[in-house]
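The values are calculated or read from the model by the stated rules, or taken from the named source; none is laboratory data. In this text the structure is predicted, and so the values were computed from the model without any measurement. Don't worry about glycine lacking a Cβ; one is built from the backbone with ideal geometry, like all the others, and counts go over all protein chains shown.
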Amino acid sequence: MLAGGDVACVQLRLKGATDDVIRAATRALMPIAQAKNVAFILNDRPDLARELDCDGVHVGQNDMPYAEARSIVGPNKVVGVTCHNSRHLALEAAEAGADYVAFGAFFPTATKQPKTTAEIETVQWWAEIMEVPCVAIGGITTENATPLIEAGADFLAVSSGVWDHPAGAAAAVRAFNQLFGRPTR
């Protein structure tokens, strides 16, 4: 996957896994990502992100407040916040200091049961008024990503769209890079 082109971040999301499984996966995967200058963040677990010296953490609305996550990982790590389809939550997160906000789900996804459906107009609104980057999440593939990119999404959180791509993960990354107008390797 990382050989396919620019990848900003790898997020390890192991819902329901034990701490030891998360530790082992992080210790195996983080050096690979970081060797390619790709940030490595944990989902939901600021405590383990700090312990394992990850580049940051992504927290959902039901995980813990941004301020608590920030206090755990420290000032020099990335903290991103899920904002679902809420402009209000996104503004609060940005004003509190979040490094990015995430909106979604934009499309049906098998990765998890989305709590909300987000509208592409939310990304456009955000891009027009805010400097804090936004991430679009949920069911994103190379076939449906263009409207999100055109609306101003800074990043796309992609799982199945990479791992289930018919030509393989590296080909998916190359295709996403092309959609963003980036040169491919």
For residues that are in a loop (DSSP other than H, G, I, E, B) and not hydrophobic (A, V, I, L, M, F, W, C), scanning just segment 13-50, find the one that is nearest to TRP163 (Cα to Cα). ARG13
All but one of (1) under 22 Å from ALA33 (Cα atoms); (2) part of a loop (DSSP other than H, G, I, E, B); (3) not β-branched (Val, Ile, Thr) hold for ASN144, so report the exception by its number. (1)
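Search segment 1-12 for residues being part of a helix (DSSP H, G or I) and over 16 Å from the mean Cα position of the chain (by Cα), and hand back the single one that is farthest from GLU51 (Cα to Cα).
Narrowing segment 1-12 to residues part of a helix (DSSP H, G or I): 2-4.
From what's left, over 16 Å from the mean Cα position of the chain (by Cα): 3-4.
Values: ALA3: 28, GLY4: 30 Å.
That would be GLY4.
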Restricting to segment 87-122, count the residues that are more than 16 Å from VAL59 (Cα to Cα) and in contact with a strand residue (DSSP E or B) (Cβ under 6 Å, 6 or more places away or on another chain). 3
Of the criteria (1) at pLDDT 95 or above; (2) closer than 22 Å to LEU12 by Cβ; (3) surrounded by fewer than 18 Cβ atoms within 10 Å (Cβ to Cβ); (4) in contact with a Ser or Thr (Cβ under 9 Å, 6 or more places away or on another chain), which one ARG87 fails: (2)
Run down ALA93, ALA110, ALA67 and say which single residue is surrounded by 24 or more Cβ atoms within 10 Å (Cβ to Cβ) and over 15 Å from ALA153 (Cα atoms). ALA93
Would you confirm, using the coordinates I've provided, whether ALA110 is in a loop (DSSP other than H, G, I, E, B), on the phi < 0 side of the Ramachandran plot and in contact with a helix residue (DSSP H, G or I) (Cβ under 7 Å, 6 or more places away or on another chain)? yes
